[in-house]
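Working notes, structure below.
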Amino acid sequence: MSTITLVLGRLWETSGFHMITSDWRQLVMILLACVLLYMGVVKKYEPLLLVGIAFGMLLTNIPGADMYHPELWDEYIAGTITFTEIIHNGGLLDILYIGVKSGLYPSLIFLGVGAMTDFGPLIANPKSMLLGAAAQFGIFAAFMLAIVIGFPANVAASIGIVGGADGPTAIWLTSMLAPEFLAPIAIAAYSYMALIPMIQPPIMRLLTTEEERKIKMEQLRPVTKAQKILFPIIVTIFVCMLLPSVAPLLGCLMLGNLTKESGVTDRLSDTAQNALMNMVTIFLSMSVGATARYDRFLTLRTIEIIVLGLIAFEFATIGGLIIGKIMCKLSGGKINPLIGSAGVSAVPMAAKVAQNEGQKANPSNFLLMHAMGPNVAGVIGSAVAAGLLLALFG
Amino acid sequence: MSIQQAALYSLLGISVVFATLSILMVIVQIFYNLTTPKEEAPAPAAAPAPEAPGSAGGVKLYNTDPRDAAMVMAIVADSLGKPLNELRFISIKEIGEKEQ
């Protein structure tokens, strides 16, 4: 009888139900993970990433599971251990997280994004580059605000990059500059990207007139196959020569695009877009979610980061719209300023929002292809901004 | 970092992003001009036909709802396996039963 009691007692002591009583914050994090799962599964907010992030968060906060050890990563950052020790002593999520820390997953995601992206609208209308640049204003506005409320420069740069509305870029930069804040920054980036249809339209209506929103744009000029093939090569040479720190991200983006456009590597393009992208998405989302452990995540700083992320998104939209309005005036009313808001990356969600708002003002307005130009320019712009921030604060 | 320094970094940062993408814009424009095949001089055009009511952008719509027109264009692009921006639609006309 005493043996049974002893065994049951030990079983109880080693169970998560017993251990969770030691710190209520673990329970809060499990509930938060369930809320995020609800948002991903039921509300369909960026489900491909949010489901994995939420599940990683759930696993890392189960007492006793020991799947992720932030203290090991503190030692790695301090330079006292290497990846080898992490593989030997870490849990499953520690091993998966090596792909984030080394910058592998975001770059591979960019390879898939490149293979899925059509730069044709940008080549047809290179002026879209200016709108893609203007929407990066949110990054630097949020960076300044973060400094004002007391964040160190490296963390402020990571918070600012949320304004780029590009999940892989945000994860890539944050894993280099402020890995301790990776979870809140990644969650903010992906949540706000999913909420773009709610965040952007009020700002778009506030900053543009009905007449401006009604503007119909001329059909884009045709783009040849040769131009589409040359584009990724030219962008890689120019931008990576200018900012070598951005080469892993931009290089993979452009390689992915080249596999699609060249027409001779269809199998590679297909793998990058589908199998590889899906696998990396699972690893990336789980390991990013794993960094949200209760003792690191439930702080006032997390709330500040979430709020600053929203401000970054709003300023990014404002920046794109203001330059859109200027270009509208300079072109004599030929450019619909709504397409400026699509400069915030978030492909193709932001372009769809511009299309919807344009069509609400004028049902015969088709802005989607025009908005795709600033949209893909925003991807390049946010990668450039990330490379610059890494060069400054890395 | 002081607020003044942060402001300076922000100004520098957005300037670098603008400069990079502006130069890229010029490069893309130049290579577009160099690689676009030159069109032959167009023959003197006949007087343009009057624009049909309800035309959307460059596409002339005759008895066609803009939403239907968008759907037709998307279906054609999908059937041909070509991106929409590589196709040029001149007009879309709904054919009635008598015209078939």
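The values are calculated or read from the model by the stated rules, or taken from the named source; none is laboratory data. In this text the structure is predicted, and so the values were computed from the model without any measurement. Positions of Cβ are generated from backbone atoms using ideal geometry, with glycine treated the same way; all protein chains shown enter the neighbour counts.
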Does A:V41 fit the bill of being farther than 16 Å from A:P184 by Cβ and surrounded by 13 or more Cβ atoms within 10 Å (Cβ to Cβ)?
yes
Determine which single condition A:L92 fails, assuming it passes every other condition in (1) over 24 Å from the mean Cα position of the chain (by Cα); (2) of a type outside the set (K, R); (3) away from chain B (no Cβ under 14 Å).
(1)
Any residue that is away from chain B (no Cβ under 14 Å) and among the aromatic types (F, W, Y) - is there at least one of those in the stretch A:133-151?
no
Candidates A:L243, A:L298, A:L253, A:L308 - the one that is within 14 Å of chain B (Cβ to nearest Cβ) and either modelled with pLDDT under 90 or in contact with a Cys (Cβ under 6 Å, 6 or more places away or on another chain) (or both):
A:L243
Exactly one of A:I335, A:I339, A:I380 is under 15 Å from A:K127 (Cβ atoms), of a type in the set (V, I, T) and within 11 Å of chain B (Cβ to nearest Cβ), and that residue is A:I380
If you check every pair at least six apart or on different chains, which have Cβ atoms under 7 Å apart with a residue in the stretch A:290-315 that is within 28 Å of A:L72 (Cβ to Cβ) first and a residue that is of a type in the set (F, W, Y) and in a loop (DSSP other than H, G, I, E, B) second?
A:A290/A:Y68; A:R293/A:Y68
Going through A:E261, A:E304 one at a time, which residue ends up being within 20 Å of A:M57 (Cα to Cα) and of a type outside the set (S, T, Y)?
A:E304
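Determine, yes or no, whether A:I109 is more than 20 Å from A:G387 (Cβ to Cβ) and either facing chain B (nearest Cβ under 9 Å) or part of a helix (DSSP H, G or I) (or both). Before the answer, list the steps.
Details: more than 20 Å from A:G387 (Cβ to Cβ): no; either facing chain B (nearest Cβ under 9 Å) or part of a helix (DSSP H, G or I) (or both): yes.
For A:I109, the condition - more than 20 Å from A:G387 (Cβ to Cβ) and either facing chain B (nearest Cβ under 9 Å) or part of a helix (DSSP H, G or I) (or both) - is not met.
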Failed condition for A:A188, given (1) modelled with pLDDT under 90; (2) within 14 Å of chain B (Cβ to nearest Cβ); (3) in a helix (DSSP H, G or I)
(2)
Considering only residues that are farther than 21 Å from A:P222 by Cβ and either of a type in the set (A, V, I, L, M, F, W, C) or buried (at least 23 other Cβ atoms within 10 Å of the Cβ) (or both), which ones fall in the stretch A:358-378?
A:G358, A:A361, A:N365, A:G378
Given the condition surrounded by fewer than 17 Cβ atoms within 10 Å (Cβ to Cβ) and either under 18 Å from the mean Cα position of the chain (by Cα) or not hydrophobic (A, V, I, L, M, F, W, C) (or both), answer yes or no: does some residue in the stretch A:308-316 qualify?
no
Working only within the stretch A:290-335, note down all residues that are part of a loop (DSSP other than H, G, I, E, B) and in contact with a helix residue (DSSP H, G or I) (Cβ under 7 Å, 6 or more places away or on another chain).
A:T291, A:A292, A:R293, A:L298, A:I335
